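Engineer: Below you will find the structure I want to go over with you.
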Amino acid sequence: MYKTYLNFLHNSRQTIISIITIIILIIGVFNIYTSYAINKISNDECLWNRRKIDKDSFILVFDKVKVGGVTYNAGIRSGDKFLELNDQPIQDAIQAQLLLNKIAEGDYAKYKVENEKGVFETRVLIKKMFNIGDLAFSLLGVIWLIVSYLSLTANPDGKAQRMFYLIGVILVINKINILFPQYSFDYLHSNLLPIVIIWSIASMFLPMVFLHFFLIFPTRSKVMNKRWFQYSLYITPIIVYCIYYIYILSNPLFLKKISTNPGALFIPVNVLFVIAFIISLLILGLKYRKLPKNSPQKKSVLIILNSFIIGILGIIYVSFFAPLVADIVFNTPEHYTPIVLIILIPIAFGYSILKYQLLDVSVVVKNTIVYGTATFTLAILYFLSVYVIGQSIGEVVGTDYQNFISAISFLLFALVFQSTKDKFQGLLTRKFYPEQFAYQKILLQLSKDLNGSIAFTLDHILNTITSTFSDLLRVQKFGLILKDYKTNTFSLVRSRNISDKSKFYFKEETQISDFIYEKFVSEKFNIIETQELQNDFPQYHNLFLKEEIYTALPLIVNNNIIGLMIFGLKYSGSKFSIKELELLSAVANQAAVSIENARLYQSETEKLKLERDLELARKIQETLVPKEIPIIEQLDIKGKMIPAMQVGGDYFDVINISGNRILVVVGDVSGKGLSASLYMTKLQTLLNLYSTQYDSPKEILLELNRQIYKAIERHWFITLTLAMFDLDKNIVDVCRAGHVPLLVSQSGNINLFQSKGIGLGLDKGPIFEATLEEEQIKLHKGEVFLFYSDGITETVNAEQEFFGTENLMNTLRLNNNKTADEIMNQIISATINFRDGMDQFDDLTCVVVKIK
């Protein structure tokens, strides 16, 4: 179990380090923000000294009032007594500072002051300032953390890399004290004691970790081979702190002093850090002398050594010389800014990592450092330029308009500087990230190609996109998932190096569509990382991980999701950067539009082709319907076919076999369109041939089935009714191959003839012949024979009701005494009236034969 746990930690160490770094980095950013923006204190450009009046009372006295400063301009001079601030009596400097901090910058505070002339009130303009030392050490921690994280990522097993990274972590934690209020804060309060303990431990061990690092960098000192010395490094601060805190806790007066002025808590930290800092500098200097002359390592150590010296000189100047050559920090804060030189140390490490591959950092990480540093520097220069310009103009026009002028300056400078910034950014990208620059070039070309793709087929566009990512950019895994509008499902239509393609399939109604849409609405660019699917869509999360798919870009047009582009790792083995994902997102948007345009273009092309086919089918169907029905003296025959909007498969014919023999045919091909018309053409040809060769409808149908079965597609069939009228014998032989029943009316009585039989083309012969049945009906004067298609009985109204056989029989019964033409027209009118404006979905065919 323990071994398994260790293996897990080892395998997950990069992830764990990254998580820790992000957390610590967030703390570091808060440190910087707090020291610069939140912990600003009000500054009236003077000091308040506490002067004892008697045994139990004190008073604040103004000192070092800056000539020309806000307090000086308010009529206050050094030696004046500070009585009240905004009508509140002043007890001590902390209380006064807390009151003053509540006043916004640019507002006025009301001071009550006493001098030799008496007591007076005056208004003092409030300025704000931040602690430059806190900001410097907060920046030091963040920069050190970033540089050390990159070095540790390059070599997680390196001892020097680990110690270097640990310094960055502890430096950030060491400054969390600035997150607490500056005054009247009880560091020993029970609710905050855990945070104070964490800060104290970090502060306790920081000097020793710092010293430990320089004892093994750039080469290992011999003293580090002695185990007792390694232990003593970390036992020493524990002993020092224990002794110090025992003294504090045993001294009530000192304990009370710390609760209101915690500066005394920093004494061990400051002492140990100064000692460790000096020893580290000496050790680095000695190691530099021993390194081979002109070696890259010696050059890199020299850079770091110089940064050390400059940093120490900055601290020494601020600590000892600034108060001598300048006024107090409240009056001349610019003289105390050299403290920021301390950040040169991690910057020097970063430069050495770049230049001399210090700490075994790879070229990729080096480029990352340079690119990030250059970009950060560019951003700093950008905002500093805007700030300086705004402040300079603001000073000319006055304080009242300073913020407005700064805003205008920002906008104007942004417009002028933007093109220069973009060019410089492109130069950096091309220099340090040639892969990313290639991505930009290739993807921009793809975007141009897609922009002019209106005439391209959908296959061409899909192949172009797939080829771009797979062949040119050499993405390890790539796939295109598109929506099928007919089935409302998504499936993989193009892919490279994806093994289980069938698994990439989901229905539109699944929640993933809503998930994608929400991201599209809420985010700047819609990108789905695989880990985002883990909680809500584990099946897709597991599938993506199995196939090593880490990124998906939805294809969205008019708020409709039409597909996804899915990606594995880049050719280099890394994931896409944020900058690349932004570019990919733009390309995905263009691809979505191009794909949809191609679909519409293809759909329109298919529609035009279908319309041409339908027009041709209509013409064919019109030629099949007899132009003139043969005139038989004893029969009144009328027939009509009304095609639906989409050409159907209805067919009827009246074939004169001999003077007194006539064949009535009504049929329906199962399909529609051009194919149905062609089958009907073949059927008509065969009917005209076999009607003269065979004497009965059954024989004709048997031969028709043999021929049709050979030619028709398996999912097609033809229903047919044949009626052979023989007036010499005064009979009609009827055979029905799966068609609707025959209706026969005599004197208002309706008979329905539904002989057995299946459609043509469904069976090769045996079953068809066994089920086929022929009926013989005796003819009587005044009888009406009604042949029709299912388009009549299946006519639908607005209530989705069918016209049905009953309505048809009633119509026939009511019009039984009329002519064949009148009966036919009444039946057609009845269906039209029943439909009541609804679309006609099927052909209507009606043939009426009346015996005279």
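Engineer: Obtain the nm distance between the two label points defined at Leu324 and Val29 by a simple spin-label model: each point lies 7 Å from its Cα along the Cα-to-C-beta direction.
Structural biologist: 4.3
Engineer: Further question on the same structure: Would you please classify the overall shape of the range 1-115 from the alpha carbon gyration tensor, given that a ≥ b ≥ c denote the square roots of the eigenvalues, rounded means a/c under 1.5, and beyond that prolate means a/b larger than b/c while oblate covers the rest? Display every interim value, and only then the final one.
Structural biologist: Values: a/c = 4.61, a/b = 2.98, b/c = 1.55.
It comes out prolate by the Cα gyration axes.
Engineer: Still on this model: Could you state the accessible area per residue of the range 1-134 in Å², with a 1.4 Å probe and every protein chain left in place?
Structural biologist: Ligands and nucleic acids excluded, the result is 60 Å² per residue.
Engineer: Near the amide H of Ser696, under 5 Å away, which other amide H atoms are found, from residues 5 or more places off or on another chain, if H is placed in the peptide plane?
Structural biologist: none
Engineer: For each pair in Lys293/Lys575; Lys483/Lys546; Lys486/Lys609; Lys40/Lys299, compute the distance between the two Cα atoms and list the pairs where it is over 30 Å. Could the numbers behind the result be given before it?
Structural biologist: Working: Lys293/Lys575 41 Å; Lys483/Lys546 23 Å; Lys486/Lys609 19 Å; Lys40/Lys299 41 Å.
Those over the limit are Lys293/Lys575; Lys40/Lys299.
Engineer: Classify the range 718-804 from the C-alpha gyration tensor, please: rounded if a/c falls under 1.5, else prolate or oblate depending on whether a/b exceeds b/c.
Structural biologist: oblate
Engineer: At 10 °C and a viscosity of 1.306 mPa s, what translational diffusion coefficient does Stokes-Einstein give for the range 767-852, taking Rh as the Kirkwood radius over Cα pairs? Give it in µm²/s as a whole number.
Structural biologist: Working: Rh = 14.3 Å.
Calculated translational D: 111 µm²/s.
Engineer: Next question, about the same structure. So between Ser696 and Lys852, what do we pick up on full extension, going 0.36 nm a residue minus the alpha carbon distance?
Structural biologist: Details: separation 156, 0.36 × 156 = 56.16 nm, distance 2.34 nm.
Roughly 53.8 nm would be gained on extension.
Engineer: Give me, ordered by chain and number, the residues 5 or more places off Glu783 or on other chains with an amide H under 5 Å from its own placed amide H.
Structural biologist: For Glu783, the qualifying residues are Ile851.
Engineer: Using θ = phi - 60° and the Karplus curve 6.51 cos²θ - 1.76 cosθ + 1.60, what whole-Hz ³J(HN,Hα) does each residue of the range 801-815 get, with Gly and Pro shown as x?
Structural biologist: Per-residue couplings from phi come out as 9, 8, 4, x, 5, 4, 4, 5, 5, 4, 5, 5, 5, 5, 10 Hz.
Engineer: Under 5 Å between amide hydrogens, which residues at least 5 positions from Asn43 or on another chain qualify, with H placed 1.01 Å from N in the peptide plane?
Structural biologist: Lys127, Lys128, Met129
Engineer: If r is the Cβ-Cβ distance from Ile248 to Leu545 and R0 is 51 Å, what FRET efficiency results, to the nearest 0.05? Can you show the working numbers first?
Structural biologist: On the way: r = 54 Å, r/R0 = 1.06.
Once the sixth-power term is evaluated, E becomes 0.40.
Engineer: Now a separate question. For the range 737-754, just list the computed ³J(HN,Hα) in residue order, Karplus coefficients 6.51, -1.76 and 1.60, θ = phi - 60°, integers in Hz, with x standing in for Gly and Pro.
Structural biologist: 9, x, 7, 5, x, 9, 9, 10, 10, 9, 6, x, 8, 9, 10, 10, 10, 10
Engineer: Here is a further query. Karplus couplings for the range 114-129 from phi (6.51 cos²θ - 1.76 cosθ + 1.60, θ = phi - 60°), rounded to Hz, Gly and Pro as x?
Structural biologist: Calculated HN-Hα couplings, in order: 10, 9, 5, 7, x, 9, 8, 10, 8, 10, 10, 5, 9, 10, 10, 9 Hz.
The values are calculated or read from the model by the stated rules, or taken from the named source; none is laboratory data. Note that the structure is a prediction, hence the values are computed from the model and not measured. Cβ atoms come from the backbone with ideal geometry, glycine included; neighbour counts cover every protein chain shown. The protein model used for the area step is the full one, side chains on, heavy atoms only, and it has no ligands, DNA or RNA in it. Shrake-Rupley method; radii C 1.70, N 1.55, O 1.52, S 1.80 Å.
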